[in-house]
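Quick notes on the structure that follows.
The values are calculated or read from the model by the stated rules, or taken from the named source; none is laboratory data. Keep in mind that what you see is a predicted model, and the values were worked out from it rather than measured. Glycine gets a Cβ as well: all are built from the backbone with ideal geometry, and neighbour counts include every protein chain shown.
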Number of protein chains: 2
Amino acid sequence: MAQSDTVTRILDTAEVLFAERGFAETSLRNITSKARVNLAAVNYHFGSKKALIQAVFARYLDPFSERFHSALDALEARYEGRDIPLEVLLETMATTVLEVPAERNSLKVFMRLLGLAYSQAQGHLRRYIQHEYGDVFSRFTELVRRATPDLPDAERFWRLHFMLGTVIFTLSGLDALRDIAEKDYHQQVSVRDLVRRLRPVVVAAMNAPLPDEKDMEPHADTVAH
Amino acid sequence: MAQSDTVTRILDTAEVLFAERGFAETSLRNITSKARVNLAAVNYHFGSKKALIQAVFARYLDPFSERFHSALDALEARYEGRDIPLEVLLETMATTVLEVPAERNSLKVFMRLLGLAYSQAQGHLRRYIQHEYGDVFSRFTELVRRATPDLPDAERFWRLHFMLGTVIFTLSGLDALRDIAEKDYHQQVSVRDLVRRLRPVVVAAMNAPLPDEKDMEPHADTVAH
DNA sequence: GATTGTTTAAAACATCCGTTTTCATGGAGA
DNA sequence: TCTCCATGAAAACGGATGTTTTAAACAATC
C-alpha cells in the first residue's frame, strides 16, 4: 500500500463516522474496519483517539484558516483602511467556508464537526480549536466590529453567535431538515439554495433594532472598566 | 424510601448528566451512583436505557405540550379568528418554554436535550418526539403561517428552523458562551437577558426581505469585485 | 397478617471499548 | 545489502458498559 495511504483512509472514514454519530459513539473498530486498515494503525499513526479527532479537525481548519487569512488580506488591501461593509465580510466568510470542504464535497460533515466541537462535553476540543485557530476569528470579529460601529460590543458578540448557531444548526442538521422539507413541500434543497436564503436573514438579524431597555433585568449592573 | 422516590431521583440525575455529556457518554452506573440508587433500578423501572431517555424528554414535553395548547387556546379565543401577530406568537412560545423548566431552574438542560435530540445519530429520538408531540408544533406553525401571509411557505419553513437553530444553539451552549462573554466583556449574562436580546433579532430575521432571485442560478459570483 | 410492589446489595453475564503487544511481510532509502 | 518504516494479522490486556439474576429487606394495601 502506498505511503501513508492508511492515514488518509483513516481520516476520510473517521470524519464521516464522527459527523454521523459523534465521537463517543464511534469506535476505533468502526473506523478501522470500514476503512479496511488494521486496528492498531490508529494508535500507531495518531497515538490516541483524541489525537485522531484533533487531526480530523486540523485537516479542515488548516486550509480554512490559511484561505480566510488570504481573503481578509485581499479585502483589507482593496478597501485601503476604509471599513469593509458587513455584507462583504459575511459573503467572504461564506465563500471561504464553502470553498474548503468543496473538494471532498462534505460541507455537511464540516458543519457537523463544528457543532460537535461546540457542544462537546468538557470542551477540550473547543479549547484546542481556540488555541490553534483563535487568531483568525479574532481578526474577523475585529473587522465586523468596524463594520457595525453603532452596535454595542456585547450586542454584536451575541448576534454573531446567534447567527453562528443558525448556520451550524441548519447545515449540520441538513439531512434531517431536508427530510422534513421535502416531505412537506416536495422541493429539492441544495446547500447553495440554503446559503441564498440565509443571506438576507443574517443581515437583517445583525441590523435588527436594539432590544428594548425597559425589560432589562433589574440586577446589579456590572460596570465595565 | 418513599414510593417511587427512586424514579424521580433517577430522572433528576439522568437529565443533568445527559445534558452535560450526551447520552452515549453517560452510563447507567454514572446515573445510579450519583443518584444513590441501585444499578438495577433503571432497568426495573424503565426497562432500558433508551426508555429512560424518552422518559426524561416526556417529563419536559408533556407539561410543555399541555401548557402550550392552553396558551394557544387562550390566544385564539382572544383574537376571535383574526390573525395573531407574529410577535405575540413568538412571545407566547418563549413564555411557555421559560415556564416549564422554571420549577427545576433548568432551561439550559431542556435546551441541551432538545439540541441533542435534533443532532442525534439515527434520529430515533427525533422520530419519537415528532410522533408524540408533533400536533402542537403543527398547530403553532399553522398560526405562524397566518401571521406571515406574504412569506412563501418554503421561506417560512426555513426561517423558523433558522431561528430554532439560533435559540437551541445559544441556550444549549449557554455555559460555553457565558465563559467567552464574561472573559471578553466582564459582564454577567442571564437567560432573561439573552431572551431580551433574542427577541428583536428573531423578529427581524423572520421579516427579512426575500432572497434575491437573481443568484438563484447555478452559481452566482460571490465575492464583490 | 399475607400479599404485592419497591428498593437495595452484590454478583455475574456477555460485549464492547481503547490500547498494547508480538510476529511477519514488504517496500524505500542509506 | 541492510536498515528503517509502514502495514498487516491476531491476540490479549484491563476496564467499562447494558443487562440480568438472586437474595434480602421494607412499605403499603387488601
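On the stretch given as the range B:22-76, residues that are within 14 Å of chain A (Cβ to nearest Cβ), more than 15 Å from DNA strand C (Cβ to nearest atom) and basic (Lys, Arg) total 1.
Among residues of the range A:195-209 that are facing chain B (nearest Cβ under 7 Å), those with a Cβ under 8 angstrom from a residue that is basic (Lys, Arg), sequence gap 6+ or separate chain, pair up as A:ARG197/B:ARG159; A:VAL201/B:ARG159; A:ALA205/A:ARG159; A:ALA208/A:ARG159.
Note on the range B:113-133: residues that are in contact with a Leu (Cβ under 8 Å, 6 or more places away or on another chain) and of a type in the set (D, E, K, R) total 1. As for the range B:88-107, it holds at least one residue that is more than 23 Å from B:SER190 (Cβ to Cβ) and either more than 14 Å from DNA strand C (Cβ to nearest atom) or not β-branched (Val, Ile, Thr) (or both). Select from the range B:1-21 the residues that are near DNA strand C (Cβ under 8 Å from one of its atoms) and in a helix (DSSP H, G or I) and write down the one among them that is modelled with the lowest pLDDT. Per the stated criteria, the residue is B:ASP5.
Considering only residues that are within 7 Å of chain B (Cβ to nearest Cβ) and surrounded by fewer than 16 Cβ atoms within 10 Å (Cβ to Cβ), look in the range A:138-184 and name the one that is farthest from A:ARG197 (Cα to Cα). Top of the filtered list is A:ASP153. Provide a single number: the residues in the range A:21-46 that are over 13 Å from A:THR8 (Cα atoms) and within 12 Å of DNA strand D (Cβ to nearest atom). So the count comes out to 11. The residue that is farthest from DNA strand D (Cβ to nearest atom), among those in the range A:1-20 that are buried (at least 17 other Cβ atoms within 10 Å of the Cβ) and within 14 Å of chain B (Cβ to nearest Cβ), is A:ALA19.
Kindly indicate whether A:ALA58 is more than 16 Å from DNA strand D (Cβ to nearest atom) and outside any loop (DSSP other than H, G, I, E, B). Here the answer is yes, as A:ALA58 does meet what is asked.
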